[in-house]
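S.K.: Below is the structure I would like to discuss, written out as C-alpha cells.
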Amino acid sequence: MSKVTSVKTFSQKPADVSRRWILIDAASAPLGRVSTEIAKYLIGKYKPTYTPHVDGGDYVVVINAKDAVVTGEKETGKIYYRHSGFPGGIKDATLKEVREKFPERIIENAVKGMLPKNKLSDGRMKRLKIYAGSEHNHAAQTPEKVEVK
C-alpha cells in the first residue's frame, strides 16, 4: 500500500490580501469590454489566490470616461432609469444626456451590473475610481496601465 498525502484546498484570509493599483483608459475599447476588465480586477478573479468569500481585488482607476466608446444606436437608444422612491418618481435619461452631465455614471452602472450581487460588492465599488478626463489624483500610487483589447 502506498501512503496517500492529503492536499488541502487553499483559502485566502482577509489579512493575506495584497492589492495593486490598475489604470484603465475607457476610450481604448467598447464599453462592455472595458467594464468586464474592470470587474475582473475589482473581484480579483485573475489571481491564483482568488477565494469567493474574501474580497481580494485591486484598486482600479479609470480615465477618459467621457470618451467611452459605444456601438450602434446606443448613444440615443440606451436609456438609464432611476427612481426617487416616491410615487411617480421615475426619471430617465439617454446615454448622450448622462455623458454630458455625469460621464462617470456610464462606467459605474456598467461595472456594477457585472459584479456579483452580494455583501462584497459595496466594498469593491469603493475601490473603483472614475475620472471624466485623462487627469487623475492617484499618481502617487503608481498604477499599472492595462491595455484593453
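Bear in mind that the values in this text are calculations on the coordinates, not laboratory data. These figures come from a predicted structure and were not determined experimentally. Here Cβ is always computed from backbone atoms with ideal geometry, including for glycine, and neighbour counts include all displayed protein chains.
S.K.: Looking at the range 44-103, which of the residues that are within 25 Å of Lys149 (Cα to Cα) and part of a strand (DSSP E or B) is nearest to the chain's Cα centre (by Cα)?
M.R.: Val60
S.K.: Testing Gly56 on (1) among the small types (Gly, Ala, Ser); (2) touching a Leu at 6+ places or on another chain (Cβ under 9 Å); (3) surrounded by 15 or more Cβ atoms within 10 Å (Cβ to Cβ), one condition comes back false. Which one is that?
M.R.: Answer for Gly56: the failing condition is (2).
S.K.: Select, from Tyr50, Tyr41, the only residue that is surrounded by 17 or more Cβ atoms within 10 Å (Cβ to Cβ) and of a type in the set (Phe, Trp, Tyr).
M.R.: Tyr41
S.K.: Working only within the range 83-101, note down all residues that are of a type outside the set (S, T, N, Q) and surrounded by fewer than 12 Cβ atoms within 10 Å (Cβ to Cβ).
M.R.: Answer for the range 83-101, where residues must be of a type outside the set (S, T, N, Q) and surrounded by fewer than 12 Cβ atoms within 10 Å (Cβ to Cβ): His83, Gly85, Phe86, Pro87, Gly88, Gly89, Ile90, Lys91, Asp92, Glu100, Lys101.
S.K.: Can you work out which of the residues in the range 3-25 that are in a loop (DSSP other than H, G, I, E, B) and among the aliphatic types (A, V, I, L, M) is surrounded by the most Cβ atoms within 10 Å (Cβ to Cβ)? Show your work before the answer.
M.R.: Initial filter on the range 3-25 (in a loop (DSSP other than H, G, I, E, B)): 3-13, 17-20.
Next, from what is left, pick out any that are among the aliphatic types (A, V, I, L, M): 4, 7, 17.
Working: Val4: 6, Val7: 6, Val17: 16.
It comes out as Val17.
S.K.: Okay, moving on. Being among the basic types (Lys, Arg) and either surrounded by fewer than 10 Cβ atoms within 10 Å (Cβ to Cβ) or in contact (Cβ under 8 Å) with a residue 24 or more places away in the chain (or both) is the filter here, so list the residues in the range 102-125 that pass it.
M.R.: Matches in the range 102-125: Arg105, Lys117, Lys119, Arg124.
S.K.: In addition: Name, by its number, the condition in (1) surrounded by fewer than 16 Cβ atoms within 10 Å (Cβ to Cβ); (2) farther than 28 Å from Lys101 by Cα that does not hold for Thr71.
M.R.: (2)
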